[in-house]
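Below you'll find the structure, written out as structure tokens, and then a few comments.
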Amino acid sequence: MQIIALRTLRQFWDRYPQAEIPLRVWYSRVRAADWTGPDDVKAEFGSTVDFVADSRVIFDIGGNKYRLVVHVAYKFGRVLVKFVGTHREYEAIDATVVK
């Protein structure tokens, strides 16, 4: 999968250095993936993902310390980072509309 907005992840782990390794692991796994639908994501990440409207996927990162919201365009093989934050920051957003 092509991941758009690596810069967003880098900026986040600059603020939260403990997030760097878990986010790099996530990035590596997703980049190597070839998802055709939500079932593929669930098979790859199991219970650490949730799905919401507009082909958005919420990932628990770093033992649920951080949350990552992405939009997946399965047809085009692209993953667009919409939000990355602490669990507390995530509680303040609406994952279905965050840009």
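The values are calculated or read from the model by the stated rules, or taken from the named source; none is laboratory data. In this text, all values refer to a predicted model and were calculated from it rather than measured experimentally. Neighbour counts run over all protein chains shown; Cβ positions are idealised from the backbone, glycine included. These area figures cover heavy atoms from the full protein model, side chains too; ligands, DNA and RNA do not enter into them. Shrake-Rupley method; radii C 1.70, N 1.55, O 1.52, S 1.80 Å.
Pairs please, first residue from segment 25-44 and closer than 17 Å to R56 by Cα, second anywhere and modelled with pLDDT of 95 or more and open to solvent by 90 Å² or more (accessible area, probe 1.4 Å), Cβ atoms under 7 Å, 6+ apart in sequence or on different chains.
Hits for this filter: E44/R29.
Could you check segment 40-86 and list, in sequence order, the residues that are farther than 21 Å from P17 by Cα and among the acidic types (D, E)?
D40, E44, D50, D54
Before we move on, is K75 touching a strand residue (DSSP E or B) at 6+ places or on another chain (Cβ under 9 Å) and among the basic types (K, R)?
It is false that K75 is touching a strand residue (DSSP E or B) at 6+ places or on another chain (Cβ under 9 Å) and among the basic types (K, R).
Which members of segment 1-22 meet the condition of being under 13 Å from the mean Cα position of the chain (by Cα) and under 12 Å from Y66 (Cα atoms)?
The answer is L9, F12, A19, P22.
Within segment 19-51, can you find the residues that are within 23 Å of T96 (Cβ to Cβ), of a type in the set (A, V, I, L, M, F, W, C) and open to solvent by 50 Å² or more (accessible area, probe 1.4 Å)?
F51
Taking segment 61-81 only, how many residues are open to solvent by 40 Å² or more (accessible area, probe 1.4 Å) and closer than 17 Å to W13 by Cβ?
The total comes to 3.
So L9 clears everything in (1) exposed (fewer than 11 other Cβ atoms within 10 Å of the Cβ); (2) within 12 Å of V79 (Cβ to Cβ) except one condition, right? Which one?
Every listed condition holds for L9 apart from (1).
From the list R29, R7, R24, exactly one residue is at pLDDT below 95, of a type in the set (K, R) and part of a helix (DSSP H, G or I). Which is it?
Every option except R7 fails the conditions.
Just the residues that are surrounded by 12 or more Cβ atoms within 10 Å (Cβ to Cβ), within 13 Å of Y66 (Cα to Cα) and of a type outside the set (S, T, N, Q), please, taken from segment 82-99.
F83, V84, G85, H87, E89, Y90
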